[in-house]
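Here's the structure, in structure tokens; my notes come after.
Every read-out reported here was derived from the displayed coordinates using simple, explicitly stated rules and does not represent laboratory data. All figures in this text were calculated on a predicted structure; none of them were measured in a lab. Note that we place each Cβ from the backbone using ideal geometry, even for glycine, and neighbour counts take in every protein chain shown.
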Amino acid sequence: MKHFNCISLIGMPGAGKTTLGVGLADSLDLEFIDTDQLIEAKIDDSLQSYLDAHGYLALRTLEQSVLLSSDFNKQVIATGGSVVYGEQAMALLASKGPVVFIDVSEAVLLKRVHNIDTRGIAKAPMQTFHQLFEERRALYRHYADITVMTDGTTAVQALKALRGALI
């Protein structure tokens, strides 16, 4: 396995970035960081509360600001789903190591994510989950160095596929 300073995981909410990130960090003896938790610590509130009070564009701006002010080093980074709207944040993550798109079909995501309207997902008010999925998927593919499709896999199988893709 190659040695990386950082590995960033991108993908839709419910894709398994946190679950896979924790397992990957443990297996590579790296620290795990969840950028949604960094944001919530900075605002001392939930993403949904911030989204309700300030709107989805403000949440996306905050997300990029928090990432740009972070010093990532020897970590597996599970990003928020909307990180790909911030070009500077994506450039920073790419400069630290490979960016891995955890790709999951829309059908699987809809089975996993039952709290779309209360999960703190930074989407336009009238935007459907399908529209958001299509918009973001193009951005994930654009920024990804590696794509790992995890449909039909267990967490253990997905982690094995992720590790294999990083070799």
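Label sites at Ala155 and His54, each approximated as a point 7 angstrom past Cα along Cα to Cβ, lie 3.1 nm apart. Using 0.36 nm per residue and subtracting the Cα-Cα separation, the extra length available between Ser27 and His142 on full extension is 38.7 nm. Here's how it looks for Met149: its modeled amide H is under 5 Å from those of Asp103, which are all 5 or more places away or on a different chain.
Close amide H pairs (under 5 Å, H built 1.01 Å from N) link Leu9 with Ile77, Ala78, Thr79, Val100, residues at least 5 positions away or on another chain. Taking a straight line from the alpha carbon of Lys111, these lysines sit under 29 Å away, with near neighbours fewer than eight places off in the same chain left out: Lys17, Lys123, Lys160. For segment 57-68, putting each phi into the Karplus relation 6.51 cos²θ - 1.76 cosθ + 1.60 with θ = phi - 60° gives couplings of 5, 5, 5, 5, 5, 4, 4, 5, 4, 5, 5, 5 Hz, in residue order, rounded to whole numbers and with x for Gly and Pro.
Placing unit charges on the Cβ atoms only, positive for Lys and Arg and negative for Asp and Glu, gives segment 69-167 a dipole magnitude near 280 debye about its Cα centre. Only beta bridges with both residues in segment 26-167 are counted; by DSSP, about 0 percent of them are antiparallel. Which Cα, out of Ser82, Ser49, Ser65, lies furthest along the positive dipole direction of the chain (beta carbon charges, K/R +1, D/E -1)? Of the candidates, Ser82 comes out farthest on the positive side. Residue exposure proxy: Glu135, Glu40, ordered by other Cβ atoms within 10 angstrom of their Cβ from fewest to most, comes out as Glu135, Glu40.
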